[in-house]
Amino acid sequence: MSSQRPHICVCICTYKRPEFLLRLLKELDAQETEGLFDYSVVVADNDATESGRSTVNAFTAGSSLPVVYCVESRQNIALARNKAIENTHGDYVAFIDDDEFPIRTWLVTLFKACVEYKVQGVLGPVNPHFEETAPAWIVKGKFYRRASYPTGMTIDWRKGRTGNVLLKRELFQPGELPFQPEFRQGEDQDFFRRMIEKGHRFVWCHEAVAYESVPPVRWKRSFLLRRALLRGSIEPKTAEFGFRSVLKSILAVLIYVPVLPFALLFGQARFMEILVSLFDHLGKLLAVVGINPIQEAYVTE
């Protein structure tokens, strides 16, 4: 690796997804750099049984791409991200999820945007990828379609995600936990909130696209509803959640419940949109009164 060029460490946190992990590693191996930087990969396995080790070994046996494999045995996404950071070096840190894969110009596009806009980090869109034909209501309802924004737009912390991001490594100070383990979800938004409060700036890059695989298990109505309950139950832990938020959720429940039967007249997509929103607000209200509707740390199926 040339010492004259910046170095990027691409971090992957993984948990029992060997096929997805191998595909991602192969796509990272084919990234274009235009000679602007060198890069390597850090795989942080959040499985105590080290199920990802054989996948990484199989990949490195046929690739010259430097890969560091490490293990965080405590199942917690924030701890896994911190473990990945511990094993990075160089000038920049990128994050991409193990069930995603990027376009060939992903990394160089993020890098150019970071340099051009003189910011501490750049985020890009994550679009859904259906390996099989998904039900029409899933596609029409856009349950996995995330918002994208104009390139160069400064983001607020609510848009902060680690599924597709390039960050300056100087953001991660020794002795500090960048991601807080008390968060079951939203640890990335919390990170961006704290960084933005410190005066750091992050922008969006619409062209730096990654794709997220949406397997059939995520098409289930039960999956969408359980995920909405979990998402809702986490929000009351944020500093911005208060009396107005509680009132908003109460009003939403009072409106959505009688509307549901009529929503069926407009098709499954519209019905599920309202039902998911209802469960999101129910999750918030249950959390306020001390009820944890989802015992698992994550909803994966």
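Residue check: Ile138 meets all listed conditions (1) part of a loop (DSSP other than H, G, I, E, B); (2) open to solvent by less than 60 Å² (accessible area, probe 1.4 Å); (3) not basic (Lys, Arg) but one, namely (1).
Check whether at least one residue in region 279-294 is surrounded by 19 or more Cβ atoms within 10 Å (Cβ to Cβ) and part of a loop (DSSP other than H, G, I, E, B), and report yes or no. Yes: region 279-294 contains one or more residues that are surrounded by 19 or more Cβ atoms within 10 Å (Cβ to Cβ) and part of a loop (DSSP other than H, G, I, E, B). If you filter region 70-101 down to residues that are of a type in the set (D, E, K, R) and in a helix (DSSP H, G or I), you find that the one that is nearest to Asn127 (Cα to Cα) is Arg81.
Within region 143-180, being touching a Lys or Arg at 6+ places or on another chain (Cβ under 8 Å) and more than 26 Å from Leu275 (Cα to Cα) holds for Tyr149, Thr154, Trp157, Thr162, Pro178, Phe179. In region 53-65, the residues that are under 21 Å from Glu32 (Cα atoms) form Cβ pairs under 8 Å with partners that are open to solvent by 70 Å² or more (accessible area, probe 1.4 Å), at six or more places apart or across chains, as follows: Phe59/Lys26. Among the residues of region 178-224, those identified as open to solvent by 20 Å² or more (accessible area, probe 1.4 Å), over 13 Å from Gly160 (Cβ atoms) and not in a loop (DSSP other than H, G, I, E, B) are Tyr211, Pro216, Val217, Arg218, Trp219, Arg221, Ser222. Here Val115 passes the criteria (1) touching a residue at least 12 places away in the same chain (Cβ under 8 Å); (2) surrounded by fewer than 18 Cβ atoms within 10 Å (Cβ to Cβ); (3) closer than 23 Å to Val203 by Cβ except the one numbered (1). From the list Glu240, Glu182, Glu235, Glu176, the lone residue that is out of contact with any strand residue (DSSP E or B) (no Cβ under 7 Å at 6 or more places or on another chain), at pLDDT below 95, closer than 28 Å to Gly90 by Cβ and among the acidic types (Asp, Glu) is Glu176.
Scanning region 148-157 turns up at least one residue that is open to solvent by 30 Å² or more (accessible area, probe 1.4 Å) and not in a loop (DSSP other than H, G, I, E, B). Considering only region 3-25, I want to know if a residue exists there that is open to solvent by less than 60 Å² (accessible area, probe 1.4 Å) and among the acidic types (Asp, Glu). No: region 3-25 contains no residue that is open to solvent by less than 60 Å² (accessible area, probe 1.4 Å) and among the acidic types (Asp, Glu).
Of the residues making up region 264-275, those that are on the phi < 0 side of the Ramachandran plot and open to solvent by 20 Å² or more (accessible area, probe 1.4 Å) number 8.
The values are calculated or read from the model by the stated rules, or taken from the named source; none is laboratory data. The model shown is predicted, which means the values in this text are computed figures rather than measured ones. Heads up, the Cβs are rebuilt from the backbone with ideal geometry, glycines too, and the neighbour counts pull from every protein chain shown. Side chains are part of the model used for accessible areas, which takes the heavy atoms of the whole protein and leaves out ligands, DNA and RNA. Shrake-Rupley method; radii C 1.70, N 1.55, O 1.52, S 1.80 Å.
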